[in-house]
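Asks: Questions regarding the structure given below will be posed in turn.
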Amino acid sequence: MKGLFITFEGTEGSGKSTQIALLEERLLAAGHVVQMLREPGGTPIGEEIRHTLKHSEFNRGMKPETELLLMNAARAQLVREVIRPALDAGEVVLCDRFYDSTLAYQGYGRGLDLKWVQTIVDFAVGDIRPDITLLLTVPVSISEARRLARQPLLISVPATKSPRTPKLGFIRDRMEEADRAFFERVEEGYQAIAGADKKRIKPIDGTQSVDKVTEEIWAQVSRLL
């Protein structure tokens, strides 16, 4: 029995983390077996890579090519260790970001060749593709304001945490240190990606109330259950 693979996408501060948690709660209440994951991360190896990519003090000189390869190394592990087995078992898999983020951030944002990005993504994910992708959209100005408002950041540690991940307090995020022009390119990238795959990718206005966004998401997901 094949499960259902649902991914959430969007720029920083779009509300993904809130909405994926609400969807997990609703699916569990309906009796589904759910795996909720994040990228990069979701496995012990992936969480170590996440720390290197986002939080390490030694990542300030990281090149876009290195970023691309590390992202997909974590993804390759996640697909084979967690996602594929869960789908084979008939579970619902929710993932906060997947390969569309790589096309938007490393392709459009960092300016890497999109053909090379796609080739590396294809190698990492194999035959795994989301059944539906929920793209939460907010203007760059709102994304920027939300990113600033949530600092200092209070973080919780996932079950597959890296031993070096702190439990509470401010944690630097290298990806959020990029300038506005970078996030404008990311937003343009998401628009292009969504336009090229309208069947799978469902844009949702993230500036609406939490309840309104939640109901729009459920309307999309419930059709596939």
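Asks: Would you mention how many residues in the range 33-76 are over 14 Å from the mean Cα position of the chain (by Cα), more than 21 Å from Asp122 (Cβ to Cβ) and in a helix (DSSP H, G or I)?
Replies: 5
Asks: Assess whether Leu69 counts as being free of Cβ contacts under 8 Å to residues at least 60 places away in the same chain and touching a Cys at 6+ places or on another chain (Cβ under 7 Å).
Replies: Judged against the criteria, Leu69 is not a match.
Asks: Every residue in the range 1-10 that is open to solvent by 10 Å² or more (accessible area, probe 1.4 Å) and at pLDDT 90 or above, please.
Replies: Of everything in the range 1-10, those that are open to solvent by 10 Å² or more (accessible area, probe 1.4 Å) and at pLDDT 90 or above turn out to be Gly3, Leu4.
Asks: Now, a different point. Looking at the range 77-95, is at least one residue within 24 Å of Glu188 (Cα to Cα) and within 14 Å of the chain's Cα centre (by Cα)?
Replies: For the range 77-95, residues within 24 Å of Glu188 (Cα to Cα) and within 14 Å of the chain's Cα centre (by Cα): present.
Asks: Out of all the residues in the range 11-22, which are among the aliphatic types (A, V, I, L, M), open to solvent by 10 Å² or more (accessible area, probe 1.4 Å) and touching a strand residue (DSSP E or B) at 6+ places or on another chain (Cβ under 9 Å)?
Replies: Matches in the range 11-22: Ala21 only.
Asks: Name the single residue, out of those in the range 26-50 being open to solvent by 30 Å² or more (accessible area, probe 1.4 Å) and among the β-branched types (Val, Ile, Thr), that is farthest from Glu67 (Cα to Cα).
Replies: Val33
Asks: Just to be sure, is Thr66 of a type outside the set (Lys, Arg), within 21 Å of Ile201 (Cα to Cα), open to solvent by 20 Å² or more (accessible area, probe 1.4 Å) and out of contact with any strand residue (DSSP E or B) (no Cβ under 8 Å at 6 or more places or on another chain)?
Replies: Spelling it out, it is not the case that Thr66 is of a type outside the set (Lys, Arg), within 21 Å of Ile201 (Cα to Cα), open to solvent by 20 Å² or more (accessible area, probe 1.4 Å) and out of contact with any strand residue (DSSP E or B) (no Cβ under 8 Å at 6 or more places or on another chain).
Asks: Would you be able to tell me the number of residues in the range 198-225 that are within 16 Å of Thr137 (Cα to Cα) and free of Cβ contacts under 8 Å to residues at least 12 places away in the same chain?
Replies: Of the residues in the range 198-225, 6 are within 16 Å of Thr137 (Cα to Cα) and free of Cβ contacts under 8 Å to residues at least 12 places away in the same chain.
Asks: Kindly evaluate Arg164 against the criterion of being open to solvent by 20 Å² or more (accessible area, probe 1.4 Å), more than 15 Å from the chain's Cα centre (by Cα) and modelled with pLDDT of 95 or more.
Replies: Working: open to solvent by 20 Å² or more (accessible area, probe 1.4 Å): yes; more than 15 Å from the chain's Cα centre (by Cα): yes; modelled with pLDDT of 95 or more: no.
No.
Asks: Okay, next question. Could you please let me know if Glu81 is open to solvent by 20 Å² or more (accessible area, probe 1.4 Å) and of a type in the set (Asp, Glu)?
Replies: Yes: the conditions hold for Glu81.
Asks: While we're looking at this one, here's another question. What tally of residues in the range 93-111 results from selecting those that are open to solvent by 10 Å² or more (accessible area, probe 1.4 Å) and not in a helix (DSSP H, G or I)?
Replies: 4
Asks: Applying the selection to the range 202-225, what residues are more than 17 Å from Ile6 (Cα to Cα) and assigned to a loop (DSSP other than H, G, I, E, B)?
Replies: Selection gives Gly206, Thr207, Gln208, Ser209.
The values are calculated or read from the model by the stated rules, or taken from the named source; none is laboratory data. Every value quoted in this text rests on a predicted model; they were computed, and no experiment measured them. Ideal geometry is used to build each Cβ from the backbone, glycine not excepted, and the neighbour counts take in all protein chains shown. The protein model used for the area step is the full one, side chains on, heavy atoms only, and it has no ligands, DNA or RNA in it. Shrake-Rupley method; radii C 1.70, N 1.55, O 1.52, S 1.80 Å.
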